[in-house]
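Nothing in this text is a laboratory measurement; each read-out follows from the coordinates by a stated rule. Note that the coordinates shown come from a computational prediction; the quantities given were computed from them, not determined experimentally. In this analysis, Cβ positions are derived from the backbone assuming ideal geometry, glycine residues included, and neighbour counts consider all displayed protein chains.
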Amino acid sequence: MSIPFLAGAVSKLFLQFGCSEVRVEGLPAFVERLKGDRGVLTIANHISVVDEPTMWGVLPISTFYDQRTVRWTLGASDMMFNNTFDSWFFTKGQIIETFRGKGIYQKAIDTARAKLDEGRWIHIFPEGKIKQDTLTELRRFKWGVSRMLMESKGGRGEEAPLIIPIWIKGFEEVMNEEREFPRFLPRTGKKVTVIIGEPINDAIEPLLAEYQRKFPHPWVPITYGRDVQEDLKEEPPQLAEMRSKIAEAMRQELMKLGQRVPEVEAREPTKIEWNW
């Protein structure tokens, strides 16, 4: 039995029996998109340590049996790859080891971009860390997600991956940052909402086309794994501007989706299905 299947099953059990109410929007269309040959990039707000993988408990259990319908995501080396067992476990769970402080030019971003080009699903929390103070506003997105898109097929004049925003709410109560003993246990009886939006490619693809016009050949730094401030000293100024524009466009589209929370929460709760 695979690590993604076990994680998916535990997540479904928690949503079904550990939460008082769960509401899910946009699931059927999303599942159909995962089954296609086109790469999928999902972006979501990050509000707790259990967002990943618990939010994926809304998916049909069958999706956890097929590598093409199991997400790949980035995971910090100092948090998830500390020993042999952790490295094995998270690698099997389709986590790409990422190094903090080594900028956007590192192997993890290359790997994620390649998987998008292969038609796989990559999930990113573009804020880079948990934010629970103001749930309706998002931090500035990290530029790694922009680089993935800019150097993907979509940034080279071919078909871009589907870019799908997901807004989550309630996990900040399941694992509140201020929680007391026992800190390692999720709190039960909370209400959870997962809103899966429509693709935002119409807002992003014109920016990818602009990038291609300005940079017909991807910028390749002399050295990988440096702090982003070091890269900025050597890069053409317009390159950072394009990354910033793409990241901000995604941020704005994700916040638009978040504005639908009251509408979705006014509906009847969703039944967690174990369908195949």
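Listing for the model above:
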{"read-out": "Cross-link pairs beyond the 21 Å C-alpha cut-off, checked among Lys12/Lys129; Lys35/Lys153; Lys92/Lys129", "value": "Lys12/Lys129; Lys92/Lys129"}
{"read-out": "Footprinting exposure proxy for Trp167, Trp56 (fewest neighbouring C-beta atoms within 10 Å first)", "value": "Trp56, Trp167"}
{"read-out": "Region 3-265: relative contact order as a whole-number percent, Cα under 8 Å and 6+ apart", "value": "27 percent"}
{"read-out": "Cβ-based charge dipole, region 33-181, positive-most Cα from Met148, Thr84, Gln132", "value": "Met148"}
{"read-out": "Charge dipole magnitude, Cβ of K and R +1, D and E -1 - the chain, Cα centre, debye nearest 20", "value": "240 debye"}
{"read-out": "Extension gain from Lys35 to Arg213, taking 0.36 nm per residue of separation minus the Cα-Cα distance", "value": "60.9 nm"}
{"read-out": "Mean projected area in nm² (Cα convex hull; one quarter of hull surface) for region 3-265", "value": "13.9 nm²"}
{"read-out": "Share, in percent, of DSSP beta bridges within the chain that are antiparallel, nearest 5", "value": "15 percent"}
{"read-out": "Footprinting exposure proxy for Ile122, Ile204 (fewest neighbouring C-beta atoms within 10 Å first)", "value": "Ile204, Ile122"}
{"read-out": "Acute angle (nearest 10 degrees) that the helix 237-258 long axis makes with the longest principal axis of the chain, alpha-carbon atoms", "value": "20 degrees"}
{"read-out": "Inter-label distance for Glu198 and Glu265, nm, one decimal - labels placed 7 Å from Cα along Cα-to-Cβ", "value": "2.5 nm"}
{"read-out": "FRET efficiency for Val10 and Tyr224, using Cβ-Cβ distance with R0 set to 35 Å, rounded to 0.05", "value": "0.45"}
{"read-out": "Neighbour-count order for Arg71, Arg147, Arg213, fewest beta carbons within 10 angstrom listed first", "value": "Arg213, Arg71, Arg147"}
{"read-out": "Computed lengthening from Lys233 to Lys107, 0.36 nm per intervening residue step minus Cα-Cα distance", "value": "43.3 nm"}
{"read-out": "Potential extension, Arg179-Ser77 segment - 0.36 nm per residue separation minus Cα distance", "value": "34.2 nm"}
{"read-out": "Candidate aspartates and glutamates for bridging to Lys131, where Cα separation is under 16 Å - those fewer than 8 sequence places away on the same chain excluded", "value": "Asp51, Glu52, Glu172, Glu173, Glu177, Glu178"}
{"read-out": "Relative contact order computed over region 169-276 (Cα-Cα under 8 Å; 6+ residues apart), in percent", "value": "31 percent"}
{"read-out": "At most 13 other Cβ within 10 Å, DSSP loop - trypsin sites (Lys or Arg not before Pro), region 13-58", "value": "Lys35"}
{"read-out": "Total charge dipole magnitude, region 123-176, about the Cα centre, Cβ charges on Lys, Arg, Asp, Glu only, Debye to nearest 20", "value": "200 debye"}
{"read-out": "Lysines with Cα under 24 Å of Lys233, excluding same-chain neighbours fewer than 8 positions away", "value": "Lys102, Lys107, Lys142, Lys214, Lys245"}
